[in-house]
Amino acid sequence: MGVMYKSYKNLYKDSVSLMQISAALLNYEGVLNATVAMQTEANLQRAQASGLNLDLKESPNDLLIACELADDSNFDEIIAFVDDKLFAKVTTDNTKKSRHIGSIAQAKEELDDANLALISVAGRYAIAEALKALGQNLNVMIFSDNVSEDDELMLKQEAKKRDLLLMGPDCGTAIINGKPLAFANRVNLGSIGVIGASGTGTQEVTCAISNLGAGISQAIGTGGRDLHEKIGAITTLYAIDLLEQDEKTKTIVVISKPPAKSIAAKVIERLKQVKKDVVVHFVGNNDFYQENNIYFTRSLLETAKVACDLNQGRKISVQDKEQINVSTDRLLKAIYCGGTFCAEAQNLALKANLKIVSNVPIDNACKYDGNDHDMHAFFDMGDDEFTNGRPHPMIDPFERNAMIKKQMENEKTAVILFDVVLGYGASLNPIDDLVEIIKSNTRSDLNFVCNVCGTDLDIQNREDIINRLSQVNVKVATSNEQAVMTALSLL
């Protein structure tokens, strides 16, 4: 069947809600492929790349529904389904006066004590909206991606000038004053403050801290490029100032994917001035050591454990890391929703002397070129090449599941390693289809290993998810590090 579409003139919806509607539409009976997005040039290109061939011109103020159906006669039914979600009425207290809010200025007028704006619009609009929010004296979290590094620098310099916090762009996780924002988890409140240039890395550490019995005062996201040379850690340094002054925060944690060396040194020098215990994890660091008040850790899980020990006045307990050397023709396929998990897994695999490919390779890994049949492969399914025209796999795991199914068909695959990320923003049913795929496996020599990132407070029921995976013989780990080491041991 051909591709059917409808454009809604001058209708704007934020990217998170549109990704959720796209995810629901992809699960609708008879829908083979679909997207619900603003009709920007980038979104049209993504739709084209995903197989939705549309002869449409860019019209960025319009909202587009496009889908390929098993039966074209169902299109009116599909439109009605999407309309229900686009125009769903929110139940309000009839005793209160309500009105449509059409701008940040109006929102600030309505909520005079508001001090933070979360921006989730197409990247081309995020810059202007962030400037409007800063102009209203609001701290800002920018969930949007596709903002240039030059614009990021400009926005962060403007925020610094106004003595405001700017998290992002592409900031996926934060917990501010106990409120989870974007992709974040329900965690215990406490006195450990986290600064993260890493979304799923922040989730793993905050969840581990909560699961270990401690709690979070603040989790401040910075956006993944904050420790790049050009940006210069503007948000990280500002967040250090905030947590240093915060009486609720006794211990500070800083997490980042591999930073620029000069910027890392700048951050470390600032942290040495803090009169609090500090734990730092730069993904790829393989040595545990202490400098002044700073403890450098080797994994996300170790970061959480050391922070808890320091915070609760215990003697720090770290274990020697197991060294595995793998030499085999059997293949490991790691298929991640979380980019930081993928980076950490690559680092551990390289230490085990595996030659690996990845769509997001770290140093000494090779770039995935579309052919991984005879290679150990590490996929970040949340990267742009896999999310073109589709929701992030944490919202809808369809593409992640399809990749797992594909790798199951390779007779050389010995281990499939994956993550399941729980919390706000993530799918409410993250493993329903996956369990059925795993149950279809008929090979006795194929192993499945999983890290479930979440807490018992999350709405997806972590214990139930772990039990359901275990029932189909998935080896479930308590951390990404443990999951990777288990996978390596099975080769």
*Roughly how many nanometres apart are two label points built 7 Å out from the Cα toward the Cβ at GLN157 and LYS248?*
3.4
*At a Cα cut-off below 12 Å, give the aspartates and glutamates reachable from LYS475, other chains included and same-chain residues fewer than 8 away excluded.*
ASP419
*Please list the non-local residues whose amide H lies under 5 Å from the amide H of LEU490, H modeled 1.01 Å from N, same-chain partners needing a gap of 5 or more.*
none
*Most exposed first by the Cβ proxy, i.e. fewest other Cβ within 10 Å, how do LYS250, LYS160 rank?*
LYS160, LYS250
*All aspartates and glutamates inside 18 Å of LYS266 as judged from Cα atoms, apart from same-chain residues fewer than 8 positions distant*: ASP226, GLU229, ASP241, GLU244, ASP277, GLU291
*Along the charge dipole of the chain, which of VAL121, LEU417, THR249 sits closest to the positive end, that is, farthest toward it, with unit charges on the beta carbon of Lys, Arg, Asp and Glu (+1, +1, -1, -1)?*
THR249
*Between the stretch 455-491 and the stretch 6-71, how many Å separate their Cα centres?*
34
*Could you give the nm distance between label points at LYS9 and ASN410, where each point is 7 Å from its Cα heading toward the beta carbon?*
5.0
*Sequence-separation-based contact order of the chain, relative, with Cα cut under 8 Å and 6+ spacing, percent*: 11
*Report the Stokes-Einstein translational diffusion coefficient (µm² s⁻¹, integer) for the chain, Rh taken as the Kirkwood radius over Cα pairs, at 10 °C with viscosity 1.306 mPa s.*
67
*Provide the FRET efficiency to the nearest 0.05 for the THR442-TYR28 pair, computing r from the beta carbons and using R0 = 25 Å.*
0.25
*Calculate, axis by axis, the spread of Cα positions in the stretch 400-491 along the three principal axes, and write the results as whole Å, longest axis first.*
38, 25, 21
*Rounded to the nearest 500, what is the chain's calculated 222 nm mean residue ellipticity when only DSSP H runs of at least 4 contribute -39500 (n - 2.57) each, over all residues?*
-10500 deg cm²/dmol
*Between exposed GluC sites (Glu not before Pro) in the chain, where DSSP calls loop and at most 15 other Cβ atoms lie within 10 Å, what's the longest gap?*
59-228
*asked:* I want the antiparallel fraction of DSSP beta bridges within the chain, as a percent rounded to 5.
replied: 30
*asked:* Distance cut-off 23 Å, Cα to Cα: go down the list LYS230/LYS261; LYS85/LYS132; LYS257/LYS333 and report the pairs above it.
replied: LYS85/LYS132
*Stokes-Einstein D for the stretch 188-317 at 25 °C, 0.890 mPa s, Kirkwood Rh over Cα pairs, in µm²/s?*
174
*asked:* Could you tell me what a quarter of the Cα convex hull surface of the stretch 278-427 works out to, in nm² with one decimal place?
replied: 10.5
*asked:* For the stretch 3-86, take every pair of Cα atoms, bin their distances at 10 Å starting from 0, and report each bin as a whole percent.
replied: 19, 57, 24
*What's the local net charge at ASN311, with K and R +1, D and E -1, over the other residues with C-beta under 9 Å away?*
0
*Could you line up TYR368, TYR295, TYR289 from fewest to most neighbouring Cβ atoms inside 10 Å?*
TYR289, TYR368, TYR295
_Set LYS248/LYS275; LYS179/LYS250; LYS108/LYS179; LYS412/LYS439; LYS276/LYS321 screened for pairs whose C-alpha atoms are more than 25 Å apart_ = LYS276/LYS321
*Kirkwood hydrodynamic radius of the stretch 99-170, Cα pairs, Å*: 12.1
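First select every other residue whose beta carbon is under 12 angstrom from the beta carbon of THR40; then total the charges, Lys and Arg +1, Asp and Glu -1.
0
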*Residues LEU488, LEU32 arranged by fewest to most Cβ contacts within 10 Å*: LEU32, LEU488
*Virtual spin-label span in nm between ASP113 and ASN292, 7 Å along Cα→Cβ*: 3.8
*Using modelled backbone amide H atoms (1.01 Å from N, in-plane), which distant-in-sequence or interchain residues come within less than 5 Å of LYS475's amide H?*
PHE448, VAL449, CYS450
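Here, each number is a calculation from the coordinates, and none is a lab measurement. All figures in this text were calculated on a predicted structure; none of them were measured in a lab. Cβ: placed from backbone, ideal geometry, glycine included. Neighbour counts: every protein chain shown.
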